[in-house]
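Report on one structure; see the data block that follows.
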Amino acid sequence: MKEKSHELRCTGCGARIAGTDATSNFRCAQCGELYEVVYPWSSDGANLPNAGALRWLWQERRSSTLPIDQSGVWRFRDLLPILDDPSHAVTLREGNTPLYELPRCGKIAGVDWLLAKHQGMNPTGSFKDTGMTAALSVAAERGFKVVACASTGNTSAAMAAYAARAGLTSIVFIPEGKIAWGKLSQSMDYGALTIQLKSDFDGCVRVLNDLVKRLPIYMLNSVNPYRLEGQKTPALEMVEQMDWQVPEHVIVPGGNLANSSALGKGFEEMKRLGLISRVPKISVVQAHGANPLYRAMQASAGEQLSPVVADTRATAIRIGNPASWRKAVRVIRATGGWVEEVSEQEIAQAKAEIGAEGIGCEPASAVTLAGLKKLTRDGRVGREERVVLLLTGHTLKDPEYTIDFHRGTLFSDQEASSLRKPPVVLEAQTDAVLKALESSIQL
Ligand code: F0G
């Protein structure tokens, strides 16, 4: 173990421990709070790598044939020295995701320049791959044989894939009947032991927390701080893709609330290293039916959070008792961001609007655009602000949602939308097709 390459610091009481000393549930033994990974350069600026040299090195690695250089996470390994030997990294060449312009969605939302960082373009179709390559590599290097997670479907898909690559056994706990089929199929495809609990996500977390205390299982939920080290790299990649310019605003969906803090950590570290001169506002958007953070901000400015019973068709973020809410509050406050909630109708409409620009995403990702519309409507985001939406999952994760939207069967009270394009069934006769075309498109 590289003695001082990093430590874990409790985000509650500040206690520091060696990475290998964390308890199996990744909670501080003193105060019960979560850890974050800290490096010698994290606080006092000592041993700072030079910003110019880092930019050059990260660019150079793009043309290398080494697997770790081809990874959009490990390409930035200088800022996540969490492995004894970086060649131990278990990689599927994650990251390297596109930053798309969304001019039509920007117009709808009332901003001049809207971008989408599409994390659904990762190997297993979600942003979870960036965190999984980091934490699962740590598990493999430390000799764990069995890994597990509770999931709404994307973490489990990512974990199953990376565990398979590393030859580890993986156990997935998912709420029965409450995750999208695409995701369920992935964990089976990659050979995980898939356990559907008759509960919700929060119930799955409870059972897993009990199990890791009794068995030598390495937990890969986002309470594992190494996950966040990988999930901070899209922040680096984003500003690199913007020629080291920083957007004014980054908007992320909120579920278990780890991703917002991971990105915040990425931006803050870049600022400390002189790679950027300021950090963007980071805002979090939740579904109305799964909005414990939104409620907490309204009721106590983020001091207290009361769990809710979650319900939304954006199943990825159907979470009532988010583990990392304090970390999220810290980043939102530090960056001056907002927390919003959006209705099921607003999510469906926003997803169709993103889709109509040729960029598919899963419903949980579309909360970002729906939330942006609310932030611009009352002036919290100005027209001139450059906004980046974090699209967290691929549209094929949940095709049923898309089909139900276009058929008009998503909810019992689904509103009309000009973007609905239900499939047309016709006899296989040219005349019938011509007639249908005349009435539906201009030729
Ligand atoms: N978007 C997608 C597509 C997700 O899968 C998740 C979380 C989130 C957003 C929310 O991110 O939890 O960091 O606030 N999915 C987890 C899972 C919980 O098990 O796949 P968060």
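The values are calculated or read from the model by the stated rules, or taken from the named source; none is laboratory data. These numbers were taken from a predicted model, which means no experiment stands behind them. Quick reminder, even Gly has a Cβ in these numbers, built from the backbone with ideal geometry, and neighbours come from all protein chains shown.
Does LEU293 satisfy being touching a residue at least 40 places away in the same chain (Cβ under 8 Å), within 16 Å of the ligand (Cβ to nearest atom), within 24 Å of MET121 (Cα to Cα) and touching a strand residue (DSSP E or B) at 6+ places or on another chain (Cβ under 9 Å)? Against the criterion (touching a residue at least 40 places away in the same chain (Cβ under 8 Å), within 16 Å of the ligand (Cβ to nearest atom), within 24 Å of MET121 (Cα to Cα) and touching a strand residue (DSSP E or B) at 6+ places or on another chain (Cβ under 9 Å)), LEU293 does not qualify.
Counting residues that are farther than 27 Å from PRO98 by Cα and out of contact with any helix residue (DSSP H, G or I) (no Cβ under 8 Å at 6 or more places or on another chain), which helices (runs of 4 or more DSSP H) fully inside region 193-290 reach at least 3?
In region 193-290, 201-214 are the helices (runs of 4 or more DSSP H) which contain 3 or more residues that are farther than 27 Å from PRO98 by Cα and out of contact with any helix residue (DSSP H, G or I) (no Cβ under 8 Å at 6 or more places or on another chain).
Residues of region 337-371 that are among the hydrophobic types (A, V, I, L, M, F, W, C) and more than 26 Å from ILE179 (Cα to Cα): TRP338 alone.
Counting just the residues of region 316-368 that are in contact with a Phe, Trp or Tyr (Cβ under 6 Å, 6 or more places away or on another chain) and among the aliphatic types (A, V, I, L, M), which one comes out farthest from SER199 (Cα to Cα)? In this case the residue turns out to be ILE359.
If you check SER43, SER64, which single one turns out to be surrounded by fewer than 19 Cβ atoms within 10 Å (Cβ to Cβ), at pLDDT below 95, of a type in the set (Ser, Thr, Tyr) and not in a strand (DSSP E or B)? After applying the criteria, what remains is SER43. Whenever a residue of region 377-404 is within 20 Å of ALA157 (Cβ to Cβ), its partners that are away from the ligand (no atom under 12 Å from the Cβ) and assigned to a strand (DSSP E or B), lying with C-beta atoms within less than 9 angstrom and at least six residues away or across chains, give the pairs LEU390/ALA116; LEU390/LYS117; LEU390/VAL250; LEU391/TYR100; LEU391/ALA116; LEU391/LYS117. Scanning region 126-165 for residues that are surrounded by fewer than 24 Cβ atoms within 10 Å (Cβ to Cβ) and of a type outside the set (D, E, K, R) yields ALA140, GLY143, PHE144, VAL146, ALA164. Can you tell me how many residues in region 127-158 are within 8 Å of the ligand (Cβ to nearest atom) and either more than 17 Å from GLU229 (Cα to Cα) or of a type in the set (Val, Ile, Thr) (or both)? Result for region 127-158: 9. Please determine whether any residue of region 170-189 is aliphatic (A, V, I, L, M), away from the ligand (no atom under 12 Å from the Cβ) and closer than 25 Å to LYS117 by Cβ. Scanning region 170-189 turns up no residue that is aliphatic (A, V, I, L, M), away from the ligand (no atom under 12 Å from the Cβ) and closer than 25 Å to LYS117 by Cβ.
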